[in-house]
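Below is one structure; the comments refer to it alone.
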Amino acid sequence: MTGRLRAAVARRLGVDARALATFRVAVAAVVLADLALRTRFLRAFYTDAGVYPRSLLFEQYGAVGHLSLHALSGGPWVQAALFAATAVAALAMLAGYRTTPATLATALLVGSLHLRNPLVLNSGDTLLRMLFVWAVFAPLGERWSVDALRAERSPRERVLSVATTGLLAQVVVVYSVNAVLKLRGDQWLSGEAVRVVLQLDMFTILLGDVLAEVPALAVAFDHVWLAALTASVLLVVLTGWARAAFAGLFAAMHAGMFVSMQLAVFPLVSIAALVPFLPPAFWDRLPGWRALPVVGERPLDAYARRVDSVLPALALPSLPPAVGRAKDCGIPAVLAVVLAGLLVWNAAAVTPVAVPEVGPVDDQPEPRWSMFAPAPMGTDLWVVPPATLDDGSRVDAFRDGPVTWDEPPDVAGSYPSSRWRKYAANVRRLDDPAVSGAFADYLCTRAGERHDAEVASVSVFVVEQRVRLDGPDPTERVELASKRCPTS
């Protein structure tokens, strides 16, 4: 009986080593893609000349803000160097070179980057950080890595540990908590929630604009998604191809979000998080990298050893045997406590128990996973910042065009990126003069660099449009800041 129970638990909480390898590659690739997207606005988001200078970070977060390496300097070159260091660490993680140190370095640098400007973060960033907590302690380099190619022993086929359990439990917790929160509202049960989301033009792109015109499909998507979230515990209950199919359903839903809505890396992180659920039967059907033409014929193990001899060693220094044994015993115990804390913390999200706030950005603590729950936001918004030049003319300081209060033809496209849309929404929600004033200061500088005339003043407005499925959507102008611009 004990043997059968142990085997049943292993089948559900163990992770195929090939799944861990693919998860490693997917997470590292997401980090690299996200870095590339953030680099376009490095000065705006991560320097003292941008919308969130370090003085504002320290004022709002105190000593916590000083934990960010990116807060050591407000200069663009320091930020560029840290971005480059993150990319190098992520590339090492992707290749599986010194996998554990590379994963740890990537996790610390990504966490530092997120802490530098919390106003541009979403649930995908939170999930990515939580996945790194477990990834650092999971044997991600066991297969399909430089480490595996130069290893002397044969790789394990399957891994069962507190870290792999945490990877699986983290995903189920996100979905389960979100399901409970959605079930507290009426819109998800009635099928109207996705229709409302698709009417928020600041989110919808590509397929989302098409689905918004087909209410029946939006209602069907609502019901399927809510049912999947409610039954998400089956991700660990099912085994074999049934589990693969159920994980595939979630991945397909997130892929649909990726081509329908501007959500930054959230859909990609979510798809990467589902990879460890794929069972051995799935990986056994794949041909493997040895079947690849040309690549499979190369002596990759010899190349791996050559890489190891050329590149600087990133491995952590070896520990004395006694310390190593203590580490082997202590880390699983610590991870077990972290896992228990994760479950308790998220349980507090679905009970009346009060949980302390963690900062000014979120209305609720981060692990509450309240994405569009218990009901989606019902207000669209776009930014209108009129800048008055010394010659009396007025320009849009955000888009460099004429000032217009009308709804843009493409509200999502009126923002340079989804990070800017998230930033604008947080500035409006916080309604903090220091935050909106920093935005106005940045726009003063930006407008001055793009026009020959001096910029006399800048005002920052958002136009809010209430979404109504049964009638016209009314709009309202809200002034967030008004500043005189310094003259040169």
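The values are calculated or read from the model by the stated rules, or taken from the named source; none is laboratory data. What you see is a predicted model, and the numbers here were worked out from it, not measured in a lab. Neighbour counts run over all protein chains shown; Cβ positions are idealised from the backbone, glycine included. The accessibility values were calculated without ligands, DNA or RNA, using every heavy atom of the protein model including side chains. Shrake-Rupley method; radii C 1.70, N 1.55, O 1.52, S 1.80 Å.
Going through the stretch 128-147 one residue at a time, which ones are open to solvent by 30 Å² or more (accessible area, probe 1.4 Å), in contact (Cβ under 8 Å) with a residue 40 or more places away in the chain and part of a helix (DSSP H, G or I)?
MET130, VAL133, ASP147
Within the stretch 126-133, is there a residue that is over 16 Å from ALA272 (Cβ atoms) and either acidic (Asp, Glu) or in contact with a helix residue (DSSP H, G or I) (Cβ under 7 Å, 6 or more places away or on another chain) (or both)?
Looking through the stretch 126-133, none of the residues is over 16 Å from ALA272 (Cβ atoms) and either acidic (Asp, Glu) or in contact with a helix residue (DSSP H, G or I) (Cβ under 7 Å, 6 or more places away or on another chain) (or both).
Name the residues in the stretch 184-240 that are among the polar types (S, T, N, Q), farther than 29 Å from PRO408 by Cβ and in a helix (DSSP H, G or I), would you?
SER190, THR230
Each row is one residue, and each column tells you yes or no for (1) more than 20 Å from the chain's Cα centre (by Cα); (2) at pLDDT below 95.
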position: THR2; (1), (2): yes, yes
position: ALA7; (1), (2): yes, yes
position: ALA19; (1), (2): yes, no
position: ARG24; (1), (2): no, no
position: ALA33; (1), (2): no, no
position: PHE45; (1), (2): no, no
position: GLY74; (1), (2): yes, yes
position: ALA80; (1), (2): yes, no
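What number goes with the only condition from (1) farther than 26 Å from THR39 by Cβ; (2) open to solvent by 60 Å² or more (accessible area, probe 1.4 Å) that ASP400 does not pass?
If we test ASP400 against (1) farther than 26 Å from THR39 by Cβ; (2) open to solvent by 60 Å² or more (accessible area, probe 1.4 Å), just (1) comes out false.
Kindly establish whether ALA36 is without any contact (Cβ under 8 Å) to a residue 24 or more places away in the chain and within 27 Å of ASN426 (Cβ to Cβ).
yes
Within the stretch 418-431, track down each residue that is surrounded by 17 or more Cβ atoms within 10 Å (Cβ to Cβ) and not hydrophobic (A, V, I, L, M, F, W, C).
SER418, ARG419, ARG421, LYS422, TYR423, ASN426, ARG428
Name the residues in the stretch 436-488 that are under 34 Å from the mean Cα position of the chain (by Cα), open to solvent by 90 Å² or more (accessible area, probe 1.4 Å) and touching a residue at least 12 places away in the same chain (Cβ under 8 Å), would you?
The answer is ARG450, ARG466, GLU476, ARG477, GLU479.
Of all residues being in a loop (DSSP other than H, G, I, E, B) and either surrounded by fewer than 21 Cβ atoms within 10 Å (Cβ to Cβ) or hydroxyl-bearing (Ser, Thr, Tyr) (or both) in the stretch 88-127, which is farthest from the chain's Cα centre (by Cα)? Just the residue, please.
TYR97
Regarding VAL64, is this residue part of a helix (DSSP H, G or I) and open to solvent by 60 Å² or more (accessible area, probe 1.4 Å)?
Spelling it out, VAL64 is indeed part of a helix (DSSP H, G or I) and open to solvent by 60 Å² or more (accessible area, probe 1.4 Å).
So in the stretch 42-61, with the set limited to residues that are over 24 Å from SER418 (Cα atoms) and free of Cβ contacts under 8 Å to residues at least 24 places away in the same chain, which one is least open to solvent (accessible area, probe 1.4 Å)?
For the stretch 42-61, the residue satisfying everything is PHE58.
Just need a number here: residues in the stretch 77-115 that are small (Gly, Ala, Ser) and either in contact with a Pro (Cβ under 9 Å, 6 or more places away or on another chain) or within 24 Å of ALA163 (Cβ to Cβ) (or both).
Matching residues across the stretch 77-115 total 10.
Considering only residues that are part of a helix (DSSP H, G or I) and open to solvent by 50 Å² or more (accessible area, probe 1.4 Å), which ones fall in the stretch 69-83?
Hits for the stretch 69-83 are LEU69, PRO76, TRP77, VAL78, ALA81.
Hand me the list of strands (runs of 3 or more DSSP E) wholly inside the stretch 374-441 holding 3 or more residues that are under 21 Å from ARG468 (Cβ atoms).
Fully inside the stretch 374-441 and qualifying: 379-384.
So which of ALA228, ALA247 is surrounded by fewer than 19 Cβ atoms within 10 Å (Cβ to Cβ) and closer than 30 Å to PRO280 by Cβ?
Just a single option satisfies the conditions, and that option is ALA228.
Here is a check on your reading of the model: is LEU167 at pLDDT 90 or above and in a helix (DSSP H, G or I)?
Yes.
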